[in-house]
Amino acid sequence: MLPLLSHIIAGATPVSTIGHVPWSLEARRWVMSAHFTEEDTEALLLVAALAGLGLAVNLLVLGLYLLRSCCRCRRPKAGPPEVSGSPDGGGCVTWSCVAALLLGCAGIGLGFYGNSETSDGVSQLSFSLLHANHTLSSIDRLVSETVERLDSAVRSELTTLEEVMAPRTELVAAARGARRLAEAVAQQLGELAFWRGVPLSPIRVAESVSFVEEYRWLAYILLLLLDLLVCLFTLLGLAKQSKWLVIVMTVMSLLVLILSWGSMGLEAAAAVGLSDFCSSPDPYVLNLTRAETGLNPEILHYYFLCNQMVSSPFQERLTLSQRSLASIYAQLQGLEREAVPQFPAAQKPLLALEEMLNVTEGNFHQLVALLHCRGLHKDYGAALRGLCEDSMEGLLFLLLFSLLSALALATALCSLPGAWAHFPPRNQNALSSGSRPSETTSSGWVCYPHLWNRPPTREVSPSLPGFF
């Protein structure tokens, strides 16, 4: 969708040939780039601008309809006042407004569900990033600890062992061979910490995503609650036939209508961009990560693809390290058999070296498990599922909410003035009981014209009430 819009904007694809654009080729060209191009950004802005165009058309149609209704209401009516003021036809207008508001309430329910699904998808993305950061940090920590232990063994225990066995040159040569192997293992293991010194930190990305998601979730909750309150108070105003409440809710409905169209534009742009990304995420994420981290492409392909067709770039170093550790262990066993009977002082450094070697071997096995692509690829797949399934579904429900809310509020704004015009006056009850309105003279006295022609009444005793 996004590459297609980009070519439409750039003028490379005529409108008559839009349906013949090869989708896979255009999508592949877009995802092979490391960043959004200028045409892609313009395409997303075009999608968002369509919502602005819809808002302008909606407001124009709404204004013309209200102007026509106002002009029609001001025409002189041929019937008597009693007929012209009757509420004939008001029920249809009122019930159409009520039906539109109930439709808006149903859309609000969809909006709450979509907001929750979007939040769940982003939370899954953040959790996957944090777990990947834990894996990468564990690799760096194990490599640092193992290299530090090997360097310490080379500096202290092996040096002491050489000094103790100085009279036996063949034993000293074996100890020096173990020193060279330990130094080689430390060098090989040091190169396994591939994420060390990388400027891109998954935990910072997770914190930024969570920060933005919190404010997005809160903004949508406030919008949904505002929409719900507008619908409920409008229904209350129609039920109570309160003109001031209907007037206030009409203004609030216009505000929420504008917000609904704005959110619709953002949701449409986000849905188009996300769907285009989810159509083929691997090349885009691969090139973007390479551009941000500068890592070897073999390492990135190994973790992003994680199949039998891609071999581990660490396999050779791990194999050499394992063989070197086995050789060191064999040489220490030989030294223990030959040197300890002649040099009892060599037993203590040999035991320390064997203990160090056991800890190093345990760290090595943990490092092999962490360097396997299963863990990081699982986090990558979970992050993609959170974005392309939960978040995408949530965006579609939010888009449906915005559309239903805009339609409901536009219908309500067209119906509310007509319903308001059919509200009965405040003094209708007084007129129906037979009373007549009073008049006030210029001198400030209150006159009752319906009592002028009435004959005078004599005062009666309080014991005879109701008689004249």
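The values are calculated or read from the model by the stated rules, or taken from the named source; none is laboratory data. If you're wondering where the values come from, they're calculated on a predicted model, not measured in any experiment. Heads up, the Cβs are rebuilt from the backbone with ideal geometry, glycines too, and the neighbour counts pull from every protein chain shown. Ligands, DNA and RNA are excluded from the accessible area calculation, which covers all protein heavy atoms including side chains. Shrake-Rupley method; radii C 1.70, N 1.55, O 1.52, S 1.80 Å.
If we only count helices (runs of 4 or more DSSP H) wholly inside the range 362-438, which ones have 2 or more residues that are at pLDDT 85 or above and open to solvent by 50 Å² or more (accessible area, probe 1.4 Å)?
373-385, 392-421
Which residue is least open to solvent (accessible area, probe 1.4 Å), if the candidates are limited to the range 160-202 and must be over 30 Å from Ala369 (Cβ atoms) and basic (Lys, Arg)?
This residue is Arg168.
Quick check on Cys306: is it of a type outside the set (Lys, Arg) and touching a His at 6+ places or on another chain (Cβ under 6 Å)?
Yes.
State yes or no: is Val47 within 27 Å of Ala239 (Cβ to Cβ), open to solvent by less than 60 Å² (accessible area, probe 1.4 Å), β-branched (Val, Ile, Thr) and at pLDDT 75 or above?
For Val47, the condition - within 27 Å of Ala239 (Cβ to Cβ), open to solvent by less than 60 Å² (accessible area, probe 1.4 Å), β-branched (Val, Ile, Thr) and at pLDDT 75 or above - is not met.
Are there any pairs, at least 6 apart or on different chains, whose C-beta atoms fall under 6 Å, with the first in the range 348-361 and open to solvent by 30 Å² or more (accessible area, probe 1.4 Å) and the second acidic (Asp, Glu) and part of a helix (DSSP H, G or I), and if so, which?
Every condition considered, the pairs that remain are Ala352/Glu157.
Kindly provide the set of residues from the range 272-308 that are open to solvent by less than 50 Å² (accessible area, probe 1.4 Å) and either of a type in the set (Phe, Trp, Tyr) or assigned to a loop (DSSP other than H, G, I, E, B) (or both), ordered by number.
Correct list: Phe277, Ser280, Tyr284, Leu295, Tyr302, Tyr303, Phe304, Cys306.
Could you check how many residues of the range 240-260 are under 24 Å from the mean Cα position of the chain (by Cα) and open to solvent by 40 Å² or more (accessible area, probe 1.4 Å)?
So the answer is 2.
Any chance you could count how many residues in the range 148-192 are of a type in the set (D, E, K, R), more than 19 Å from Thr360 (Cα to Cα) and part of a loop (DSSP other than H, G, I, E, B)?
1
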